[in-house]
Amino acid sequence: MPGCMIKSLMIPSVAMVLSTLVCGVALAQDAPAARIAGREYPSIFAPWNLAENLRQNDGTTVPLSASESPNDIRARHDLFFSTYERLGLRLAAGRQYVVLTPEFTDESVQAALANRAKLLAANPHMLIMTDLHYFSARHDYLPADSPWWLRDAKNARFEGNNTEYKSSRLDFSNPAFQDKVAALCAALLKTGVYDGCMMDWWHDDDEMGGDRLALVKKIRAVIGEQAILLGNVNGHLLTRTASYMNGMYMEGFGAKFFPDWHTAAANLLWGESHLHKPAFTALEGWWRTGRDELPLMREVTTLSLVFSNGYVLFSDPNALPTPDHLHDWYPFWDKSLGHPVGPLATLDHPDLNGAYTRQFEKGEAVFNPPSNHPVVVKFPEQRRSAATNVTGQSFTVAPGDGDLFLSQ
């Protein structure tokens, strides 16, 4: 619906009213479900931090900041989440703890809404979210004497292993604290700046799964059915909370705790059919030796393309001393495929000699598992390889690699 875009940076509240009047309530450009469904592929996301360089196939890189603003770089991504302050929200005067009194200055709300409008003008299908601290937080999140800090051996171990983030555990089993977290999510969404809330450490299959279920029920009750909830599950499934959560953030694919492509594919497929609608996944693969591992980047990207309608990222592993989730931008990620027109791949039935394919409006995605052999892809007409930029009718895809074969 390109004709519905409101690009003018007028007072944000007026712009949103005009958007509703022009586009109609049911098909409003600002509706999260419409933006999720309308985006093209590959669809890249940014958890907290953004792309740093444009990396070419020959290995050369160009800093994106040399030619693009932070807003432009952010808008390259179709899904972005970070702290609530990132787009400009600020607590009201006299308010110190956002979870206790989630009140924001009028000026900061207007500034954040203007930043949101700029992002959506640059990328009309972008989903914009904020993180929601319930499991752990820095020491300024609550008063030092708050009963909602977890003070036990579990937290001592957590702090000992968590020196990079300098955070402590929260007692989210406490019903009163659950109410505060739910109210905070509702207050953040009420500003109009964010489409939903992202929750880290969302493993609902452990001994705290019942507490997470109680918490998400409260959150969903106060934010409504249309708002978006995303949980960081790593390689887990949402066995208890899927009906309340829209998205699974699958962080760390390729790490020791989440190494197997078959598990990643099965979880991607599971998310498509089990999560609260609109449902999506966000698969983040980590490099093993560096950002120049182009075959691994293509493997992660095409794995997501054939087994999901989700978002994908290839990024730095968390163990580095630099900020987490930094990454390069690869031309392979440019919106070259359009929308999917073929069904998701069937995990137990590879359709290309052990590899998997999926059809899109403008080409075909091929994922070749690392355990397979090289596969030959043939077409009756000329296609262009996104990996090599070579045009032809026959191509070879190596194991542990993938490619996009684009129509001419």
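Since every read-out is calculated from the coordinates, none of them should be taken as a lab result. Not measured: the values here are computed from a predicted model. Positions of Cβ are generated from backbone atoms using ideal geometry, with glycine treated the same way; all protein chains shown enter the neighbour counts.
Points worth noting:
- Cross-link reach is defined here as a Cα-Cα straight distance under 15 Å, omitting same-chain residues fewer than 8 places apart; for Lys362 the aspartates and glutamates meeting it are Glu40, Asp334, Glu381, Asp403.
- Under the span-like rule (Cα at least 18 Å along the axis, Kyte-Doolittle mean at least 0.0), DSSP H helices of the chain: 106-122, 175-190, 209-223, 294-307
- Each of Lys217, Lys378 was scored by other Cβ atoms within 10 Å of its Cβ. Arranged with the fewest first, they read Lys378, Lys217.
- Value of relative contact order over the chain, rounded to a whole percent, pairs C-alpha under 8 Å and six or more apart: 14
- Which of Val390, Val377, Leu404, positive extreme of dipole for region 346-408 (C-beta unit charges): Val390
- Using C-alpha pairs under 8 Å with a sequence gap of at least 6, the mean separation divided by the residue count of region 137-234 gives a relative contact order of 27 percent.
- Only the Cβ atoms of Lys and Arg (+1) and of Asp and Glu (-1) were treated as charged; on that basis the dipole of region 185-265 about its Cα centre amounts to roughly 300 debye.
- Each peptide in 149-162, 166-179, 116-129 was scored by the mean count of other Cβ atoms within 10 Å over its residues; highest first, the order is 116-129, 166-179, 149-162.
- q = 0.06, 0.08, 0.14 Å⁻¹, the chain: log10 I(q)/I(0) [Debye, one scatterer per Cα]: -0.24, -0.44, -1.33
- With the highest mean first, a sort of the peptides 388-397, 290-299, 244-253, 66-75 on other beta-carbon atoms found within 10 angstrom per residue produces 244-253, 290-299, 66-75, 388-397.
- Evaluated at q = 0.16, 0.17, 0.23, 0.24 Å⁻¹: base-10 log I(q)/I(0), Debye formula over Cα of region 346-408: -0.46, -0.51, -0.92, -1.00
- When the Gaussian network model of the chain links Cα atoms closer than 10 Å, the mean-square fluctuations of Asp200, Asp106, Asp78 top out at Asp106.
- When the helices of the chain are scored as -39500 (n - 2.57) per DSSP H run of n ≥ 4 and the total is divided over every residue, the value at 222 nm lands at -8500 deg cm²/dmol.
- Partners for Lys190 among lysines (Cα-Cα distance below 27 Å; same-chain residues under 8 apart left out): Lys7, Lys118, Lys180, Lys217, Lys218, Lys277
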